[in-house]
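Please treat every number below as a calculation from the coordinates, not as lab data. Note that the structure is a prediction, hence the values are computed from the model and not measured. So basically every Cβ, Gly included, is an ideal-geometry build from the backbone, and we count neighbours across all protein chains shown.
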Amino acid sequence: MADLEFHQFNCLDDNFGVLVHDAKSSTTASIDAPDAERIREELQAKGWHLTHVLVTHHHWDHTQGIADLKSQFGCRVIGPAQEASKIPTLDQTVDDGDTFEFGGEKVSVISTPGHTLGMINFYFSQSGVVFTGDTLFALGCGRIFEGDANMMWHSMEKLIALPENTIVYCGHEYTLSNARFSLTIDPDNHELKSRVKEVQSLRDAGKPTLPTTIKRELQTNPFLRAGDPAIRAQLGLQSSSNAEVFAEIRSRKDNA
């Protein structure tokens, strides 16, 4: 079994970078490449050599550092087949259900369109870790820029189906604003109220609120709780489909 190390750090204004390292094979992957200089700094501090970049989607704040890193390290860039024309640095394209090996572990590709049409997530099942990019956030989800609400809800369902103990790394530190919004959708959720206090304390201390877990999100993230009777009553959508409830929550967040 692989024994991978996961190292998260802040970059840009509110992005997260993550390095995944396997000491046995001396391989290191960057999940997306928001900021080449910050990634270099973290690699140097760890004494690691970059061998891979795993790309979730084409937006600039996830891809702008790839060419620089590839030029320096000669790393292999793996990313979404459906966005290959928008990410010219890709060496290998992958799509839903594909797998590849990294550091002795199988990585499964989960297609999660909505934020972008080609968005993919990377699931390391042996380590119990998923990288959700801008699909799922702590207490939130990504804006629907290229897809529609039905598409995005189907993507949420794929993540809901993962084991509850799965550790979730997201692309951005949006948790505090998401937490405040979540209370307007699910105001009587005691788990959520407790989590909001925890999130506020972490941010006051300058600490990250990530990673999270699928279990915590199922308990407190309204975007995964479209079937919850209390949320449906709060929204007046008791007879609506889960996708319709999700769409209403997303619309309210967009206009909050």
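Listed values, structure above:
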{"read-out": "Max mean-square fluctuation residue, GNM over the chain, Cα-Cα springs under 10 Å, options 26, 71, 177", "value": "71"}
{"read-out": "Residue 141 long-range amide H proximity, modeled H, under 5 Å", "value": "none"}
{"read-out": "FRET efficiency, 1/(1 + (r/R0)^6) with R0 25 Å, evaluated for residue 191 and residue 255 via beta carbons", "value": "0.45"}
{"read-out": "Whether region 15-126 is rounded, prolate or oblate, judged on the alpha carbon gyration tensor where a/c under 1.5 counts as rounded", "value": "oblate"}
{"read-out": "Diffusion coefficient, µm² s⁻¹, Stokes-Einstein with Kirkwood Rh over alpha-carbon pairs of region 1-52 at 10 °C and 1.306 mPa s", "value": "143"}
{"read-out": "Rounded tilt (10° steps) of 175-185 against the dominant C-alpha axis of the chain", "value": "20"}
{"read-out": "For the chain: relative contact order, % (alpha-carbon pairs under 8 angstrom, 6 or more apart)", "value": "13"}
{"read-out": "Other-chain or far-sequence residues with amide H under 5 Å of residue 53's (modelled H)", "value": "30, 76, 77, 78"}
{"read-out": "Distance (nanometres) between label positions extended 7 Å along Cα→Cβ at residue 202 and residue 154", "value": "3.1"}
{"read-out": "Mean residue ellipticity (222 nm) of the chain, computed from DSSP H runs ≥ 4 via -39,500 (n - 2.57), nearest 500", "value": "-10000 deg cm²/dmol"}
{"read-out": "Max mean-square fluctuation residue, GNM over the chain, Cα-Cα springs under 10 Å, options 33, 45, 67", "value": "45"}
{"read-out": "Table column - 3J(HN,Hα) (Hz), region 15-29, Karplus curve with 6.51, -1.76, 1.60, x for Gly and Pro", "value": "7, 10, x, 9, 10, 10, 10, 10, 5, 4, 9, 6, 9, 9, 10"}
{"read-out": "Helix axis angle, 36-46 relative to the chain longest principal axis, alpha carbon, degrees", "value": "70"}
{"read-out": "Full-extension gain in nm, residue 145 to residue 12, via 0.36 nm per residue minus C-alpha separation", "value": "45.8 nm"}
{"read-out": "Three-way shape call for the chain based on the alpha-carbon gyration tensor, with the a/c threshold at 1.5", "value": "prolate"}
{"read-out": "Distance from region 192-256 to region 46-96 (C-alpha centre basis), Å", "value": "31"}
{"read-out": "GNM flexibility winner over the chain from 61, 204, 188 (Cα, springs under 10 Å)", "value": "204"}
{"read-out": "Normalised contact order of region 58-187, rounded percent, pairs of Cα under 8 Å and 6 or more residues apart", "value": "18"}
{"read-out": "Hz values of 3J(HN,Hα) by residue in region 135-150 - Karplus curve (6.51, -1.76, 1.60), Gly and Pro given as x", "value": "7, 10, 10, 5, 6, x, 8, x, 5, 8, 8, 10, x, 9, 5, 4"}
{"read-out": "Principal-axis tilt of helix 190-204 within the chain, Cα atoms, nearest 10 degrees", "value": "50"}
